[in-house]
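Peer 1: What follows is a structure written as structure tokens; I'll ask about it next.
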Amino acid sequence: MTHSAPSTDAPKHKHPWITGLVIYILPVILFGLALLLGRYPITPGEVGRSLLSPFFPNLAADIPEVAQQLVLRIRLPRALAALLIGASFGATGTAFQAIFKNPLVDSNILGVTSGAGFGAALALLLFRDAWQVQLFAFAFGLLAVFLAFFGSRLYKSSPLLVLTLMGILIGSLFNSLIALLKYLADPLDTLPAITFWLLGSLTTITWTDIPALAVIIIGGVVFLLLIRWRLNILSLGDAEAKSLGMDPARSKLWVILCATLMTAAAVSVSGVIGWVGLVIPHAGRLLVGPDHKRLLPASIALGAAFMLLMDTVARTVLPGEIPLGVLTGLLGVPILILLLRRNRMGW
Amino acid sequence: MRLQASHLNFSYLPGQTVLHDVSLAVGAGETLYILGRNGSGKTTLLSCLAGLLQPDGGEVLLDDKPIRDFSAAERAREVGLIPQMHTPVFGFTVREMVMMGRAPHLGWLGSPNHEDQAIADEALAQVGLFELRDRPYTEISGGEQQLVLIARGLAQKCRVLLMDEPTAHLDLSNQHRILEIVNQLSDRGLSFIIASHSPNNALSYADRVLLMTGGWVTAYGSPQETLTESLLSAVYGIRTEVITKEIDHVQTPVAVITQRPIALEPESLHEPDSFLSRVFSNGQNDPQLILVTGLSGVGKTTWVTRLIELARNTGLSVSGILSPSTFKDGRKTGIQVVDLATGDRQQLAQLRENDSAAIRTPRWAFDAAAMDWANLRLAAAETSDLLVIDELGPVEFFQGKGLLAGMARLDEGKYRVACVVVRSALLPNALQRWPNAIVVNGGVKG
């Protein structure tokens with residue numbers, strides 16, 4: 001009998017080394033391009049010397065001051081943020097698809113993004129300072145997941161289904177609250193700020209955003225990489241995980257905690273950026289197969305590469321910036337449709 | 001190695017006990033089959049034995065140590081559970097699936113190395129699937145999937161493997177393939193506990209059989225002791241026949257087949273050596289119970305009425321009660337009750353128009369006084385050649401009301417031949433209560 005389930009095609013067995021090499025070199029190339037491309041033309045040599053100038057000040061002697069400042073103070077933190085956030089979405093999307101046994105979820109399924117959106121909107125309405133917006137976005141993102149998680153504990157049966165349902169409910173609750181805040185906001189001043197935040201962007205990134213983001217995301221990525229083989233077992237369901245000597249409830253709690261911290265940290269800096277966590281794991285499965293030992297690192301690299309590409313496109317193709325969330329949505333939907341077709345998912 | 005359960009009790013919700021006082025044991029290389037109807041508690045029992053569920057009472061012991069004292073990984077190194085087959089969402093390769101069996105041998109942050117891969121390949125080779133190792137698990141056949149899960153148990157290096165319906169949905173050839181491999185593995189010392197819906201597989205492969213009904217152990221012992229016609233009828237609520245064959249001069253049971261209700265003409269009572277007349281002659285020594293069954297309206301009461309007439313014509317005495325329907329404008333509007341000993345009759349039930357009656361079904365409201373009268377007549381009836389009870393329905397089986405005097409007489413065996421009308425849907429309940437009954441198709445027209 002044949003099952004209509006996702007499967008992987010042969011190519012991954014033919015040239016695993018080449019596929020692997022491409023996947024892991026891609027973010028490096030795109031990182032370089034992100035520093036190189038922009039409205040102000042800078043040559044690759046200037047980029048290289050600017051990057052090295054903090055260590056060898058005489059290298060920057062013959063390049064324009066503005067080019068050096070642009071690379072070091074604007075493009076470098078922005079590219080780093082794109083890299084970290086993309087890696088975070090790739091990793092958490094893959095982990096959530098495994099623990100929810102569902103290839104159509106990402107780390108937003110428990111409402112973290114809606115909660116963060118509400119937190120940001122509230123802070124924009126009350127304070128308008130960048131750090132307060134980030135703090136509120138982060139805190140309300142965590143609160144939303146906390147509510148969904150403990151709300152689902154009120155029911156004894158089918159925890160996974162109830163948890164998913166609770167996440168969707170809490171997500172819609174916060175979306176309604178966002179709508180309420182938008183309605184209350186000053187249409188000339190606060191409303192555009194809220195709307196723009198919700199569209200997602202990396203425009204406002206500075207070096208001050210990077211340390212906290214890097215600590216949380218790198219910490220989370222390392223944790224997920226360490227347990228990645230266990231994601232295979234969790235994706236078979238609780239009964240089999242238990243019979244193989246695991247404690248699925250506790251393992252899933254750790255994964256949810258870790259992924260939520262990472263996503264909240266990412267979203268509080270970038271605003272709402274959808275689709276990446278959903279699409280990237282599918283691309284990864286197509287390239288390296290479903291074994292999380294290979295899939296999780298591949299998804300991290302692909303997520304980082306995708307985000308760098310998106311952000312570079314967002315700030316270069318039009319005179320003004322295209323909101324990042326809009327771009328990922330516009331490209332994410334056709335890509336997902338294409339990948340689902342290739343992956344032969346039969347539902 | 002010895003896995004033992006003593007006096008297990010388990011309930012998912014307070015007051016809804018799923019396992020009642022279940023005890024069993026398997027030693028090294030033994031195969032135990034657990035048989036029972038859907039919902040009889042087989043899967044719950046397996047989960048308790050694997051240590052995944054904690055029983056409310058009693059204990060599971062592995063080599064005389066309580067299994068709840070084992071850590072999850074320690075337990076998984078001893079006892080493996082293969083759940084009912086399901087298709088995972090992701091298309092892991094066969095080898096990746098088998099490799100997951102190494103989980104209890106690795107640390108929480110560990111992942112399998114080359115040694116683990118060699119163990120997984122060895123396990124796959126043992127079940128004969130090494131060639132399929134790089135195929136997606138989701139794309140191989142159901143029988144092969146089951147073998148992969150067995151290989152995973154081998155890679156797990158556990159000593160008891162619990163399997164939940166391993167041969168469900170499989171064709172005969174695949175069932176045979178899997179059970180032969182299970183049998184050979186048990187010859188090498190691996191123990192199996194298999195929840196199954198196939199008494200025939202149990203007959204062929206089990207060392208011991210546990211029969212379960214509603215969470216209770218109905219029987220526990222060798223296949224020859226447990227897979228008998230009356231015990232299987234009691235467990236499954238159907239008539240079965242155990243076919244035996246002479247092997248080494250011993251009559252050995254080889255197959256269990258199910259029996260359909262017998263098509264029987266009441267008129268055959270007149271033929272001296274017919275099945276029906278033999279029932280009546282056997283009834284002189286041993287009570288014989290005939291269940292007349294069929295869908296509503298097939299003519300069960302008609303069949304019984306013909307039998308009563310023929311019995312009286314042959315000089316047999318008849319007692320008990322009959323409930324003919326009364327019709328109005330071609331529609332069944334009422335049920336009467338007739339005492340066969342005296343011919344007295346009363347109105348027993350009417351189509352429900354109000355909710356005042358003490359005993360009622362979705363359609364009928366019963367007259368409590370008439371019901372009491374019918375019960376009195378049934379209790380007082382002399383032991384006759386033919387006791388008729390028409391009919392026993394959901395009121396008697398589920399509500400504990402209705403013709404209880406009739407139920408009591410059947411339970412006590414106070415009859416020679418009893419002819420009882422039971423609708424098809426309730427036949428399993430009747431057979432579980434009276435496993436030796438003869439089942440007759442009441443829809444046979446003369």
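Peer 1: Using a 1.4 Å probe on the protein heavy atoms only, what accessible surface does B:Trp303 show? Give it in Å² to the nearest 10.
Peer 2: Counting only protein heavy atoms, B:Trp303 exposes about 0 Å² to solvent.
Peer 1: Run through the DSSP bridge list for segment B:2-259 and note the antiparallel percent, rounded to the nearest 5. The partial results should precede the final answer.
Peer 2: Numbers: 30 of 50 bridges.
Beta bridges within segment B:2-259, antiparallel portion: roughly 60 percent.
Peer 1: Along the charge dipole of segment A:56-215, pointing to its positive end and built from +1/-1 on Cβ of Lys, Arg, Asp and Glu, which listed residue (A:Ala61, A:Leu160, A:Leu135) has its Cα farthest out?
Peer 2: About the Cα centre, the residue reaching furthest to the positive side is A:Leu160.
Peer 1: What is the distance in Å between the Cα centres of segment B:388-421 and segment A:40-61?
Peer 2: 99
Peer 1: Would you mind calculating the gained length between B:His114 and B:Glu267 on full extension (0.36 nm times residue separation, minus the Cα-Cα distance), in nm to one decimal? Could you put the intermediate results ahead of the total?
Peer 2: On the way: separation 153, 0.36 × 153 = 55.08 nm, distance 7.74 nm.
Full extension of this stretch gives 47.3 nm more.
Peer 1: Separate question: Using alpha carbon centroids, what distance separates segment A:85-121 and segment B:291-360, in Å?
Peer 2: Here the two parts' Cα centres lie 67 Å apart.
Peer 1: If exposed means no more than 14 neighbouring beta carbons inside 10 Å and the site is in a DSSP loop, what's the longest run of chain A without any exposed trypsin sites (Lys or Arg not before Pro)?
Peer 2: Numbers: sites that count: A:Arg39, A:Arg128, A:Arg153, A:Lys156, A:Arg344.
Answer - A:157-343.
Peer 1: Another one. Sort B:Glu59, B:Glu225, B:Glu74, B:Glu396 by heavy-atom solvent-accessible area, probe 1.4 angstrom, most to least.
Peer 2: B:Glu225, B:Glu74, B:Glu59, B:Glu396
Peer 1: What is the average number of partner chain Cβ atoms found within 10 Å of a Cβ in B:99-109?
Peer 2: Average neighbour count from other chains, rounded to a whole number: 5.
Peer 1: Accessible area, 1.4 Å probe, largest first: how do B:His20, B:His197 sort?
Peer 2: B:His197, B:His20
Peer 1: Can you compute the modelled spin-label distance between B:Gln259 and B:Asp187, with each label point 7 Å from Cα toward Cβ, in nm?
Peer 2: Spacing of the two 7 Å Cα→Cβ label points: 3.7 nm.
Peer 1: Anyone know which of A:Ile25, A:Ile273, A:Ile178 comes out most mobile in the 10 Å Cα GNM of chain A?
Peer 2: In this elastic network of chain A, the residue with the biggest mean-square fluctuation among A:Ile25, A:Ile273, A:Ile178 is A:Ile25.
Peer 1: Suppose every K and R has +1 on its Cβ and every D and E has -1 on its Cβ; what is the size of the dipole of segment B:243-297 about the Cα centre, in Debye to the nearest 20? Before the final figure, lay out the partial values.
Peer 2: Numbers: 3 positive and 7 negative charges, 44 e Å.
Charge dipole of segment B:243-297: 220 debye, to the nearest 20.
Peer 1: Using the charge dipole of segment B:2-259 (Lys, Arg: +1 at Cβ; Asp, Glu: -1 at Cβ; taken about the Cα centre), state which of B:Val148, B:Pro83, B:Ile194 has its Cα farthest towards the positive end.
Peer 2: It is B:Pro83, whose Cα lies furthest towards the positive end.
Peer 1: Further question: Given +1 on the Cβ of Lys and Arg, -1 on the Cβ of Asp and Glu, and no further charges, what dipole in debye does segment A:11-342 carry about its Cα centre, rounded to the nearest 20?
Peer 2: Working: 23 positive and 14 negative charges, 216 e Å.
I would put it at about 1040 debye.
Peer 1: Using DSSP to call loops (not H, G, I, E or B), can you name the trypsin sites (Lys or Arg not before Pro) in segment B:124-208 whose Cβ has at most 10 other Cβ atoms within 10 angstrom? Each step should come with its number before you reach the end.
Peer 2: On the way: sites: B:Arg133, B:Arg152, B:Lys157, B:Arg159, B:Arg177, B:Arg188, B:Arg208; in loops: B:Arg133, B:Lys157, B:Arg159, B:Arg188.
Listed in order of number, the matching sites are B:Arg188.
Peer 1: Next question, about the same structure. Where does each of B:Tyr415, A:Tyr24, A:Tyr183 land when they are ordered by accessible area, with a 1.4 Å probe and the largest first?
Peer 2: Ranked from most to least accessible, the order is A:Tyr183, A:Tyr24, B:Tyr415.
Peer 1: Can you pull the accessible area of B:Leu348 for me, 1.4 Å probe, Å² to the nearest 10?
Peer 2: Per-residue accessible area (B:Leu348): approximately 10 Å².
Peer 1: Still on this model: Find the relative contact order for segment B:266-441 and round it to a whole percent, using C-alpha pairs within less than 8 Å whose residues are 6+ positions apart.
Peer 2: Over segment B:266-441, the number comes to 29 percent.
Peer 1: How many angstrom separate the Cα center of segment A:156-194 from the Cα center of segment B:217-287?
Peer 2: Answer, in whole Å: 67.
Peer 1: Also, quick follow-up: Over all residues in A:242-253, what is the mean tally of Cβ atoms on other chains that come within 10 Å of each residue's Cβ? Intermediate results must be reported in sequence, preceding the final value.
Peer 2: Numbers: counts 10, 21, 13, 18, 7, 4, 1, 0, 1, 1, 0, 0.
What the average comes to for A:242-253 is 6.
Peer 1: Under a point-charge model restricted to the Cβ atoms of Lys and Arg (+1) and Asp and Glu (-1), what is the dipole moment magnitude of the protein assembly as shown relative to its Cα centre, in debye to the nearest 20?
Peer 2: Numbers: 63 positive and 64 negative charges, 359 e Å.
The dipole magnitude comes to about 1720 debye.
Peer 1: With a ≥ b ≥ c the root eigenvalues of the C-alpha gyration tensor of segment B:297-446, is it rounded (a/c under 1.5), prolate (a/b larger than b/c) or oblate?
Peer 2: It is rounded, given that a/c, with a ≥ b ≥ c, falls under 1.5.
Peer 1: Only helices at least 27 Å long along their own axis, judged from Cα atoms, and with Kyte-Doolittle mean hydropathy of 0.5 or greater: name those in chain A from DSSP H.
Peer 2: Sorted by number, the helices that extend far enough and score high enough are A:16-36, A:76-99, A:130-152, A:159-184, A:248-270, A:292-316.
Peer 1: Please compute the net charge surrounding A:Thr204, taking Lys and Arg as +1 and Asp and Glu as -1 over other residues with Cβ under 15 Å from its Cβ. Walk me through the numbers on the way to the answer.
Peer 2: Values: positive: A:Arg73, A:Arg75, A:Arg78, A:Arg128, A:Arg315; negative: A:Asp129, A:Asp209, A:Asp311, A:Glu321.
So the surrounding residues net to +1.
Peer 1: State whether segment B:28-174 is rounded, prolate or oblate according to the following rule on the C-alpha gyration tensor (a ≥ b ≥ c being the square roots of its eigenvalues): a/c under 1.5 gives rounded; otherwise a/b larger than b/c gives prolate, and the remaining case gives oblate.
Peer 2: Oblate is the answer for segment B:28-174, as a/c is 1.5 or above yet b/c matches or exceeds a/b.
Peer 1: Another question about this same structure. Using a 7 Å offset from the Cα along the Cα-to-Cβ direction at both A:Asn175 and B:His7, what is the distance between the two label points in nm, to one decimal?
Peer 2: 5.6
Peer 1: For segment A:242-341, with the dipole built from +1 on Lys and Arg beta-carbon atoms and -1 on Asp and Glu ones, taken about the Cα centre, which of A:Met246, A:Thr316, A:Leu296 lies farthest toward the positive end?
Peer 2: Checking the options against the dipole of segment A:242-341, the answer is A:Met246.
Peer 1: Do the sum for chain A: with -39,500 (n - 2.57) for every DSSP H run of n ≥ 4, divided by all residues, what is the mean residue ellipticity at 222 nm, to the nearest 500 deg cm²/dmol?
Peer 2: Rounded to the nearest 500, the figure is -23500 deg cm²/dmol.
Peer 1: What chymotrypsin sites (Phe, Trp or Tyr not before Pro) in segment A:125-166 are in a loop by DSSP, with at most 13 other Cβ atoms within 10 Å of the Cβ? Before the final figure, lay out each step's value.
Peer 2: Working: sites: A:Phe127, A:Trp131, A:Phe136, A:Phe138, A:Phe140, A:Phe146, A:Phe149, A:Phe150, A:Tyr155; in loops: A:Phe127, A:Tyr155.
Listed in order of number, the matching sites are A:Phe127, A:Tyr155.
Peer 1: Sticking with this one: At 1.4 Å probe size, with every protein chain present, just tell me what the per residue accessible area of segment B:267-380 comes to in Å².
Peer 2: Value returned for segment B:267-380: 54 Å² of accessible area per residue.
Peer 1: What is chain A by shape, rounded, prolate or oblate, if you read a ≥ b ≥ c off the alpha carbon gyration tensor as root eigenvalues and call it rounded for a/c under 1.5, prolate for a/b larger than b/c, and oblate otherwise?
Peer 2: Judged from the Cα gyration tensor, chain A comes out oblate (a/c at least 1.5, b/c at or above a/b).
Peer 1: Under a 5 Å amide H to amide H cut-off, with H placed in plane at 1.01 Å, what residues pair with B:Thr333 once short-range neighbours are removed?
Peer 2: Excluding prolines and chain starts, which carry no amide H, the hits are B:Thr326, B:Phe327, B:Lys328.
Peer 1: Say R0 is 30 Å: what FRET efficiency, to the nearest 0.05, do B:Thr314 and B:Thr383 get from their beta-carbon distance?
Peer 2: After rounding to 0.05, the efficiency reads 0.95.
Peer 1: Under 8 Å for C-alpha pairs, at least 6 residues apart: give me the relative contact order for chain A, rounded to a whole percent.
Peer 2: Working: 528 pairs, mean separation 109.8, N = 347.
Computed value for chain A: 32 percent relative contact order.
Peer 1: Sticking with this structure for a sec: Mind listing which GluC sites (Glu not before Pro) in segment B:265-374 are in a DSSP loop and have 16 or fewer other Cβ atoms within 10 Å? Could you put the intermediate results ahead of the total?
Peer 2: On the way: sites: B:Glu267, B:Glu309, B:Glu353; in loops: B:Glu353.
Sparse-neighbourhood loop GluC sites (Glu not before Pro): B:Glu353.
Peer 1: Of the beta bridges DSSP finds with both residues in the protein assembly as shown, what % are antiparallel, to the nearest 5? Provide the component values of the computation, followed by the final result.
Peer 2: Details: 46 of 84 bridges.
Around 55 percent of the beta bridges assigned by DSSP in the protein assembly as shown are antiparallel ones.
Peer 1: Something else: What nm distance separates the two modelled labels at A:Leu226 and B:Lys414, each placed 7 Å from Cα along Cα→Cβ?
Peer 2: 7.6
Peer 1: If you count the DSSP beta bridges with both ends in chain B, what percent of them are antiparallel, to the nearest 5?
Peer 2: 55
Peer 1: Just tell me how shielded B:132-144 is by partners: mean number of partner chain Cβ atoms within 10 Å of each residue's Cβ, no decimals.
Peer 2: 3
Peer 1: Compute the label zone of B:Gln251 within segment B:197-240: residues whose backbone N is under 15 Å from the point 7 Å along Cα-to-Cβ.
Peer 2: Label zone hits: B:224-225, B:228-230.
The values are calculated or read from the model by the stated rules, or taken from the named source; none is laboratory data. Just so you know, these numbers come straight off a predicted model, no measurement behind them. Cβ coordinates were reconstructed from backbone atoms using ideal geometry, including for glycine residues, and neighbour counts include every protein chain displayed. Ligands, DNA and RNA are stripped out before the accessible areas are found, and what is left, the full protein with its side chains, is counted by its heavy atoms. Shrake-Rupley method; radii C 1.70, N 1.55, O 1.52, S 1.80 Å.
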